[in-house]
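Chemist: Here you go, one structure.
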Amino acid sequence: KNKDLQPMTMESYEISYIHSFSYTFGRGSNQLVYFQNRANDIFHEVPTIGEGSLFANAGKRKVQGIENSFKARWKQINMLFNVSWEQPRDNNLASDSLNIAKIKANLLLDYTFSNQMTFALMNHYVSSVKTDALDASGSSIVEKIDGFVETDITISNRNVHLDKNARMGIELSIFNVFDVDFYHPQVRSSSPLQYKQNGRSFNMKVTMEY
């Protein structure tokens, strides 16, 4: 037990610019954000004399980056595109943090038919990350996990009228449409086996209101 352990402290700064616009066939908005977070006295497990260990205030982290979010609507079509870039630094602020992706992006397109049924296409991108996890055999260290692109599709109808007092919503989704074999860089674990994500999967959701 470390009686000298102190609470971790964090400082956060953010500057944001938001711009909305409209045109003859639609409207949209864009938000640009710069952020900086600095954490001090991060808890780390450190070895002690003998075979023991304890938690101590032994780490620092600084994360700065830029985020951009763009939204647009044209008739029954909606689009959302957001992308972020961040530069995480650990300890003496001279080394990149582990298990944190520098670039992440999402693109959503959806189209609504007859004001009832919606078709949505979502694409996710996450860049590669540095890590120090053990491989599947437990005999060597994995230093890099590749990035990935993954696609989801959802078809939904949230306004199926059963009678004048009741209605039902139905949502069908296909996750990882192209059955991409990938490891998720944002999941922390001592073994890359825990990074492994699901292949193609299907989901149905039904809701009722009355």
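Chemist: Which FRET efficiency value, to the nearest 0.05, do you get for HIS124 and LYS164 by plugging their Cβ-Cβ distance into 1/(1 + (r/R0)^6) with R0 = 41 Å?
Modeler: Details: r = 41 Å, r/R0 = 0.99.
Computed FRET efficiency for HIS124 and LYS164 comes out at 0.50.
Chemist: Then there is this: Given a cut-off of 23 Å, name the pairs among LYS71/LYS196; LYS102/LYS205; LYS75/LYS164; LYS3/LYS60; LYS75/LYS104 whose C-alpha atoms lie farther apart than that in the structure shown.
Modeler: Numbers: LYS71/LYS196 32 Å; LYS102/LYS205 34 Å; LYS75/LYS164 28 Å; LYS3/LYS60 20 Å; LYS75/LYS104 28 Å.
Flagged as over cut-off: LYS71/LYS196; LYS102/LYS205; LYS75/LYS164; LYS75/LYS104.
Chemist: Suppose each label sits 7 Å from its Cα in the direction of the beta carbon; what would the SER53-GLN116 distance come out to in nanometres?
Modeler: Using points 7 Å along Cα→Cβ, the separation is 5.9 nm.
Chemist: OK, next. Extending each Cα 7 Å along its Cβ direction at VAL149 and ASN106, get the distance between those two points in nm, one decimal.
Modeler: With each label placed 7 Å out from Cα toward Cβ, I get 1.9 nm.
Chemist: How high is the relative contact order of the chain? Use alpha-carbon pairs under 8 Å, at least six apart in sequence, and give a whole percent.
Modeler: Computed over the chain, the figure is 12 percent.
Chemist: Could I ask something else about it? Calculate what fraction, in whole %, of the accessible area of the chain sits on carbon and sulfur atoms when a 1.4 Å probe is rolled over the protein chains.
Modeler: On the way: 7810 of 14200 Å².
For the chain, the apolar C and S fraction of the accessible surface comes to 55 percent.
Chemist: Once you put a point 7 Å from the Cα of PHE35 and another 7 Å from the Cα of GLU14, both along the Cβ direction, what distance in nm separates them?
Modeler: The two pseudo-label positions are separated by 0.6 nm.
Chemist: Count charges around SER201 for me, please; just the other residues with Cβ under 12 Å from its Cβ, Lys/Arg as +1, Asp/Glu as -1. List each step's numbers first, then the result.
Modeler: Values: positive: ARG200; negative: GLU150, ASP152, ASP179.
Computed value for this residue: -2.
Chemist: Continuing with this model, one more query. If I stretch the segment between SER22 and MET204 completely, what's the gain in nm (0.36 nm per residue apart, minus their alpha carbon distance), one decimal?
Modeler: Details: separation 182, 0.36 × 182 = 65.52 nm, distance 3.60 nm.
Full-extension gain reported as 61.9 nm.
Chemist: Suppose R0 equals 22 Å; then what is the FRET efficiency for ASN157 and ALA72 from their Cβ-Cβ distance, rounded to the nearest 0.05?
Modeler: Numbers: r = 24 Å, r/R0 = 1.08.
Step by step, r from the Cβ atoms, then E = 0.40.
Chemist: Sorting MET79, MET168 by accessible area (1.4 Å probe), largest first, what list results? Provide the component values of the computation, followed by the final result.
Modeler: Details: MET79 65, MET168 45 Å².
Listed by decreasing accessible area, they come as MET79, MET168.
Chemist: Still on this structure, I have one more. For the chain, what is the accessible area per residue in Å² when the probe is 1.4 Å? It would help to have the intermediate numbers written out before the result.
Modeler: Details: 14200 Å² over 210 residues.
Computed with neighbouring chains in place, this is 68 Å² per residue.
Chemist: Of (1) 7, 22, 15, 14, 15, 13, 9, 4, 1, 0; (2) 7, 20, 27, 23, 14, 6, 2, 0; (3) 7, 25, 25, 23, 14, 5, 1, which one was derived for P(r) over Cα pairs in 10 Å bins from 0, in percent from the structure shown?
Modeler: (2)
Chemist: For LEU80 and ASP181 in one chain, what is 0.36 nm times their gap in residues minus the Cα-Cα distance, to one decimal in nm? Provide the component values of the computation, followed by the final result.
Modeler: Details: separation 101, 0.36 × 101 = 36.36 nm, distance 2.56 nm.
Stretched fully, the LEU80-ASP181 segment lengthens by 33.8 nm.
Chemist: So how much accessible area does HIS161 have, in Å² to the nearest 10, using a 1.4 Å probe?
Modeler: 120 Å²
The values are calculated or read from the model by the stated rules, or taken from the named source; none is laboratory data. Because the structure is a prediction, the values reported are computed rather than measured. Cβ coordinates were reconstructed from backbone atoms using ideal geometry, including for glycine residues, and neighbour counts include every protein chain displayed. Each accessible area value is taken on the protein alone, full model and side chains, heavy atoms only, with ligands, DNA and RNA left out. Shrake-Rupley method; radii C 1.70, N 1.55, O 1.52, S 1.80 Å.
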